[in-house]
Amino acid sequence: MLHHPEFDPIALSIGPVAIHWYGLMYLVGFALVYLLGRRRLTRGHTPALNTRDLEDIIFYSVLGVVVGGRLGYVLFYKPGYYLTHPLEIFYLWEGGMSFHGGLIGVILVMLLFARKKKVSFFTISDFIAPLIPLGLGAGRLGNFINGELWGRATDVPWAMVFPQSGTDVPRHPSQLYELGLEGIVLFALLWWFSSKPRPLGQVSALFLIGYGAFRFLVEFTREPDNFLGLLAGGMSMGQWLSLPMVLIGVVMFFFTAKRQSR
């Protein structure tokens, strides 16, 4: 049985300034998006975009992730609580972010940017989609370092005790499952798929299918939020939010397959 190392959540201190691992992982994630985006631009995958466009997309996507992620958490997970404590919506330092809300925020950013550039939304989203998984993986690594979002109780040989859970029960290291599937495997799949000409919108569709399916599967090993538990059908909120991603992605994939590859 393994034990979580209980890392110090502060990665670096410079005088009164403390840099937390989770915040550092966010920076690593956006840095990976930038570096991979530069590489895709140099390979000529999206002639309609340039380096300045990439920098602008990343800058505004940061806002989309933060605002969308927070509002998604408020609306999807604790609407009743924040309705009676509205000022706490702004208490970002207390945690509480939703990937699905952050995704909606980024989609809105890409819609606005596509309108500004006078290009198709899918031109932007197909370019960005393969860059996202490693950034997500960095975030999941941050979750593991913090010892949060641990898994359900299990007796598998690699089960791990997370003291942060307040128990000595061995659990799935579900953060590492997400790092592997939503981060590394999804990145490899999308990078390979997007390396050849594809119909406009198919790379974006594959991202929705891949992330939604991987997240849905990993949720079976992840401890449900204690204030929600399991919902209808014995599924978690993460699973219910991931199902529409898969369904929309499948419809998009087959609909866009009729288009000419670019």
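Between residue 42 and residue 243, what is the label-point separation in nm under the 7 Å Cα-to-beta-carbon projection?
Taking the simple label geometry, residue 243 and residue 42 are separated by 4.5 nm.
Give me the extension gain from residue 167 to residue 195: residue separation times 0.36 nm, minus the current Cα-Cα distance, reported in nm with one decimal.
5.5 nm
Quote the FRET efficiency, to the nearest 0.05, computed for residue 255 versus residue 118 with a Förster distance R0 of 25 Å and r equal to the Cβ-Cβ distance. Intermediate values should be presented prior to the final figure.
On the way: r = 23 Å, r/R0 = 0.92.
The value I calculate is 0.60.
Assuming R0 = 30 Å, what is the FRET efficiency of residue 225 and residue 14, from their Cβ-Cβ distance, to the nearest 0.05?
0.30
Between residue 94 and residue 148, what is 0.36 nm times their sequence separation minus the Cα-Cα distance? Round to one decimal in nm.
18.1 nm
Report, ordered by chain and residue number, the lysines lying within cross-link reach of residue 196, taken as a straight Cα distance under 23 Å and ignoring same-chain residues fewer than 8 apart.
Hits, sequence-local ones excluded: 258.
Quick check on segment 1-111: take the gyration tensor over C-alpha atoms, sort the square-rooted eigenvalues as a ≥ b ≥ c, and tell me if it's rounded (a/c under 1.5), prolate or oblate.
Values: a/c = 2.17, a/b = 1.29, b/c = 1.68.
Oblate.
Just 87, 149, 35 to compare: in a GNM of the chain, with alpha carbon springs under 10 Å, which one fluctuates most?
87
Rolling a 1.4 angstrom probe over the protein heavy atoms, how many square angstrom per residue are accessible across segment 1-115?
That works out to 62 Å² per residue.
Can you give the net charge of the other residues whose Cβ lies under 13 Å from the Cβ of residue 1, counting K and R as +1 and D and E as -1?
Summing Lys/Arg as +1 and Asp/Glu as -1 gives -1.
What whole-number distance in Å separates the alpha-carbon centres of segment 232-248 and segment 117-189?
17
Using a 1.4 angstrom probe, figure out how much accessible area segment 156-248 has per residue, in square angstrom, rounded to the nearest whole.
For segment 156-248, the solvent-accessible area averages 42 Å² per residue.
In the chain, which whole DSSP H runs stretch at least 15 Å along their own axis (Cα) and average -1.0 or higher on the Kyte-Doolittle scale?
Counting only whole DSSP H runs, the qualifying helices are 21-42, 51-76, 99-117, 132-146, 202-218, 237-256.
Count neighbours as other Cβ atoms within 10 Å of each site's Cβ, and list the trypsin sites (Lys or Arg not before Pro) in segment 105-161 that are DSSP loop with at most 15 such neighbours.
Working: sites: 115, 116, 117, 118, 140, 152; in loops: 118, 152.
Sites meeting the loop and neighbour criteria: 118, 152.
What shape does the chain have by the C-alpha gyration tensor, where a ≥ b ≥ c are the square roots of the eigenvalues, rounded means a/c under 1.5, and otherwise prolate means a/b greater than b/c and oblate the rest?
Prolate, since a/c reaches 1.5 and a/b exceeds b/c.
Got a number for carbon plus sulfur as a percent of segment 133-262's accessible area, 1.4 Å probe?
Its accessible area is 71 percent carbon and sulfur atoms.
What spacing in nm lies between the two simple spin-label points modelled at residue 35 and residue 159, each 7 Å away from Cα in the Cβ direction?
Each label point is offset 7 Å from its Cα along the Cβ direction, giving 3.8 nm.
Could you tell me whether segment 1-55 comes out rounded, prolate or oblate from its Cα gyration tensor? Rule is a ≥ b ≥ c as square roots of the eigenvalues, rounded for a/c under 1.5, then prolate if a/b exceeds b/c, otherwise oblate.
Here segment 1-55 falls in the oblate category.
Taking the dipole about the Cα centre of segment 1-53, with the C-beta of Lys and Arg at +1 and of Asp and Glu at -1, give me whichever of 14, 34, 3 is farthest to the positive side.
34
Report the extension gain between residue 6 and residue 75 in nm, rounded to one decimal, defined as 0.36 nm multiplied by the number of residues separating them, less their alpha carbon distance.
This chain segment gains 21.7 nm when fully extended.
If you filter segment 1-41 for chymotrypsin sites (Phe, Trp or Tyr not before Pro), then keep DSSP loop positions with at most 12 other Cβ within 10 Å, what is left?
When the chymotrypsin sites (Phe, Trp or Tyr not before Pro) of segment 1-41 are filtered for loop state and at most 12 Cβ neighbours within 10 Å, 7 remain.
The values are calculated or read from the model by the stated rules, or taken from the named source; none is laboratory data. Given the structure is predicted, the values throughout are model-derived calculations rather than measurements. Heads up, the Cβs are rebuilt from the backbone with ideal geometry, glycines too, and the neighbour counts pull from every protein chain shown. SASA here: full protein model, heavy atoms, side chains in, ligands and nucleic acids out. Shrake-Rupley method; radii C 1.70, N 1.55, O 1.52, S 1.80 Å.
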